[in-house]
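Below is one structure, written out as C-alpha cells; the observations come after it.
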Amino acid sequence: MAPEKPPDSGSCGSSTKEEDDFGYGLFPDRRRSEATKQKSFLYNSLFTFNHKCQVMLKIALVSNPYAKLLLDAMNSSGCTVFKDRHFSCEDCDGCVSGGFDSSTSQIVLCQNNIHYQSHMNRVVTHELIHAFDHCRAHVDWFNNVKHLACSEIRAANLSGDCSLMNEMSRFKFGLKQHHQICVRDRAVRSILAVRKVSKEVAEKAVDEVFDSCFNDHEPFGRVPHSKQDAKYAYRDFQNRHRYYTNL
C-alpha cells in the first residue's frame, strides 16, 4: 500500500508488527491474513461515514481539476478509472487518510478520517498519482523501495500536499527550497508508514531518486501550486492535440 497521511499524524497508525505487512495493517478490510465480513448496504449508508465519503468522492471526481486531469491522462494511457470499481470508502486504523492498493488497482479512502471536501480532493489527487504511476510504469511497489520513493515524491510534489496554504496550516514556514524540503519529508514519512525499514534507509531511497522524480511532472506538465494552476494544466492537457491539427 502507498498511504496518504494527514499533516499532523507523526507516527500515528504505524505498524508494530515485526514482519513487514506493506501497510495493510492500517486498512482492516484489506488485511491479507484476515477474513473480513461484508457490511450490508444499510450499514454502509446509515451507520458509518460511507455515504458522506461517497458524496465527497463524487464531487472531487467531477469538479477538482487535479483529479479530472489525472483521470483523463489515465484514460488516454488505457487505464480507464471507474468510480465504483477503483475507489473504496473504508474505515482505517490510526489516522491515515487513504492508500493505493496496487494488488487490486484500487484507491482506499479512509471515510473515518476524511471530513472535509478539501481534504478529500487532496487525498484523491495523491492516490490518483500513485494509480497513474502504476498505469504508466512497471512499479515494483513491494520489493523496490526506490520505486515507492519515486511515486511518493511525485505525489507530494504534484498533489498540493506541499502548497503554501497547506504548509501554513501546519505552522511550517520557510523560504529557501521550502517546497523541496516538504516533498522530501512527506515522501520519507509515507515510506516509513508502510515499510519496516529504518529512517536512514527511507531517506537514502528518497535522496537517490529525488532529482529525477521531483522533476517528473507528468501528466501536469508543471507543478500545480494552486487550484488555478491545476485548471491551466488541465486546459493544456485537453488542448494538447489541437496545436498540430492544421499542420
Mind giving me the nanometre distance, one decimal, between the label points for D93 and Q106, set 7 Å out from Cα along Cα→Cβ? 1.8
By its C-alpha gyration tensor, with a ≥ b ≥ c as the square roots of the eigenvalues, how is the stretch 54-200 shaped: rounded for a/c under 1.5, else prolate for a/b larger than b/c, else oblate? rounded
In whole Hz and in residue order, list the ³J(HN,Hα) couplings for the stretch 142-156 that follow from phi through the Karplus curve 6.51 cos²θ - 1.76 cosθ + 1.60, θ = phi - 60°; x for Gly and Pro. 8, 10, 10, 5, 5, 5, 4, 4, 4, 5, 5, 4, 4, 5, 5
Normalising by the residue count of the stretch 62-170, find the relative contact order in percent from Cα pairs under 8 Å and 6+ residues apart. 23
In nm, what is the difference between 0.36 nm times the number of residues separating D211 and Q180 and their Cα-Cα distance? 10.2 nm
Which entries in the list K58/K227; K83/K231; K52/K227; K196/K231; K58/K146 go over 29 Å, if you measure between the two C-alpha atoms of each? K196/K231; K58/K146
Surface share of carbon and sulfur [accessible, 1.4 angstrom probe, percent] for the stretch 49-131: 54
The long-range amide H neighbours of F87, using H built 1.01 Å from N in the peptide plane and a cut-off of under 5 Å, are I107
Students often check this: by mean Cβ neighbours within 10 Å, which of 125-133, 190-198, 75-83 ranks highest, and how do the rest follow? 125-133, 190-198, 75-83
What is the Cα centroid distance between the stretch 44-101 and the stretch 203-244, reported in whole angstrom? 21
Net charge over other residues, Cβ less than 10 angstrom from the Cβ of T104 (K, R count +1; D, E count -1): +1
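The values are calculated or read from the model by the stated rules, or taken from the named source; none is laboratory data. Just so you know, these numbers come straight off a predicted model, no measurement behind them. Virtual Cβ from ideal backbone geometry, glycine too; neighbours counted across all protein chains shown. Calculation scope for accessible area: heavy atoms of the full protein, side chains included, ligands and nucleic acids excluded. Shrake-Rupley method; radii C 1.70, N 1.55, O 1.52, S 1.80 Å.
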